[in-house]
Amino acid sequence: MGKRKLKITFVITGIFLVCFVISFFVSDIIKNSESKADLAGTEVISDNQTEDTIQMGNSEEIAAQAPDASSMTDDAAAEDTDSVSKESAVNTDVAANETASQDITGTKDVTEVQNTKAGAGTETTISIDQSSTDTTKTEAALEAAQNTITDDNDSDLIETTEDSYTTSDTDTEGLIGILSTPEWYEAIDVAPTCDYVIANVNEMLNVRAEPDKNSELVGKLAKDSYAKILERGEEWTKIESGNVTGYVYNTYLYMDEAALERFKELDAYKVEVNVNVLNIRTEPNTDCEVLGKATTGDEFTYLEESSVEDWNAIQYDDETIAYVSAEYCDVEITLDTAMTIDEYNAALKAAALSKALEESKKTKPSVINRDPIELSDEDIYLMSVVIAMEALNESHEGKVAVANVIINRMLNGYWGDTISDVVYAPGQFTGANSGRVELYWNKVSKDCMDAAVEALAGYNNIGDYLFFISIGKANFDDYSKYYVLNGHCFYSRKW
């Protein structure tokens, strides 16, 4: 009975052992099946890859397949990240599994994604925080970084260098490392500046003592005259030109690039050579080709915007910019400068006189011969004294003209019918009424005597004019007609 119970115990124990072994194998099979199932959703990293980075394969092949993320919208950029990962897996040793690419941005070990733009050869490296295990957060970080590159409205550039940039966007701070120059980045063109201004007016530009239209007028800047800039302002610029220093209104100025263009149009910015022989070179250095040679006094158009230190840029011909050493040249501007108010008023008088001279040519009287007039020697000598008093330093024609005015008055009869009556008529020959004529009795020259005799003989070079005045005192608007000869204006009144 005892042996039978022992056998039963052994049998039961054996059955339990067999069940245990069977359950062990079954459990192992189940675990292996689950492990294989998990592998179907996980991307395997090959031996030739680094521990922390999934390589994206040959950049040229990827570039041919992958869209350019920098040209996409915000939403498309995130989608394109998955597409790049999915297609790049073909060129790597990663196990081929379509579902793996969907998890790439959420994989803990992925730290860099490199995107090589097709044809540009510009790499943009985006670093991702390794501590981020949340797929959604990591995708958002990558999208934010991509948007920083593709959309310049998302962040403000706070620093630029020749090769890289950083941003002030707090969402991407810490995510962007050192970036190589993006494809869209271009150097900003800096507009050329000029130290001079040119008056952009039809006639004259006022120069004032202060930057105020009611301020004292200190000068005038004529059309296309130039001035040196002393101070720049939003509305007024302080200038120095000629003997004038003051303020001009910016609206009426050619400034900076416009001034340089105007200088070219007027061909007024010049370089003049001041040595015997000077080389003209293709570049601003002595190691380049010599185009030609210039000699003392040769002038060229100066190109300030192309000039560099120690070298003046010149317009060598219609298509060629060349360089000459600044040490052996003088740069000059061949435009007028500003005028003070006194200089302006003097210029007005000079301009009026110039105009009068031109107009007088239109009314030049014809030389006529009238009947000879007989006078006593005393009257002839009195005529000669008046000629000396009025035209001693004039030409012979000027002296004859004065003689004929005296004769015209005598023939007119309004001032009397003798030479003496005409000379001493009230308010006419002021020297005769003041006694100054007596000072010329002993100053009569032979030319004065000849002029008097010639006019009395019938030679009339002044027509019917009855009046004359110094051109410095002439008021041409008051005359119906006039003729300028030497220093006198011979005229007829409007009334």
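Overview of results
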read-out	value
Count of the stretch 453-470 residues which are crowded, with 20+ Cβ neighbours inside 10 Å and in contact with a Cys (Cβ under 8 Å, 6 or more places away or on another chain)	1
Any hit, the stretch 412-420, residues being surrounded by 13 or more Cβ atoms within 10 Å (Cβ to Cβ) and either touching a strand residue (DSSP E or B) at 6+ places or on another chain (Cβ under 9 Å) or closer than 30 Å to K349 by Cβ (or both)	no
Of all residues making up the stretch 419-439, the number that are at pLDDT 90 or above and within 15 Å of V385 (Cβ to Cβ)	5
Of all residues in the stretch 231-257 being small (G, A, S) and more than 16 Å from L335 (Cβ to Cβ), the one that is surrounded by the fewest Cβ atoms within 10 Å (Cβ to Cβ)	G233
Pairs with Cβ under 6 Å, 6+ apart, first in the stretch 218-237 and over 15 Å from A347 (Cβ atoms), second in a strand (DSSP E or B) and acidic (D, E)	K228/E240; L230/E240
Counted residues, the stretch 205-230 - those being assigned to a loop (DSSP other than H, G, I, E, B), of a type in the set (D, E, K, R) and either in contact with a strand residue (DSSP E or B) (Cβ under 6 Å, 6 or more places away or on another chain) or within 22 Å of E332 (Cβ to Cβ) (or both)	2
Lone unmet requirement of (1) touching a Leu at 6+ places or on another chain (Cβ under 8 Å); (2) assigned to a strand (DSSP E or B); (3) not β-branched (V, I, T) for C448	(2)
Only one of E272, E319, E305 that is in a strand (DSSP E or B), of a type in the set (D, E, K, R) and either under 30 Å from N202 (Cβ atoms) or at pLDDT below 95 (or both)	E272
Selected residue (criterion: nearest to D224 (Cα to Cα)) from residues of the stretch 275-302 that are among the polar types (S, T, N, Q) and in a loop (DSSP other than H, G, I, E, B)	T296
Some residue of the stretch 471-494 being under 24 Å from D377 (Cα atoms), modelled with pLDDT of 90 or more and in a strand (DSSP E or B)	no
Count - residues of the stretch 411-438 that are in a helix (DSSP H, G or I) and touching a residue at least 24 places away in the same chain (Cβ under 8 Å)	8
One residue from L278, L303, L221 being hydrophobic (A, V, I, L, M, F, W, C) and within 18 Å of the chain's Cα centre (by Cα)	L303
Subset tally (residues that are under 18 Å from I407 (Cα atoms) and β-branched (V, I, T)) for the stretch 462-495	2
Single residue of D310, D318 found to be without any contact (Cβ under 8 Å) to a residue 40 or more places away in the chain, touching a helix residue (DSSP H, G or I) at 6+ places or on another chain (Cβ under 8 Å) and either among the aromatic types (F, W, Y) or not assigned by TED's automatic domain parsing to the domain that holds Y479 (or both)	D310
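The values are calculated or read from the model by the stated rules, or taken from the named source; none is laboratory data. Note that the coordinates shown come from a computational prediction; the quantities given were computed from them, not determined experimentally. Virtual Cβ from ideal backbone geometry, glycine too; neighbours counted across all protein chains shown.
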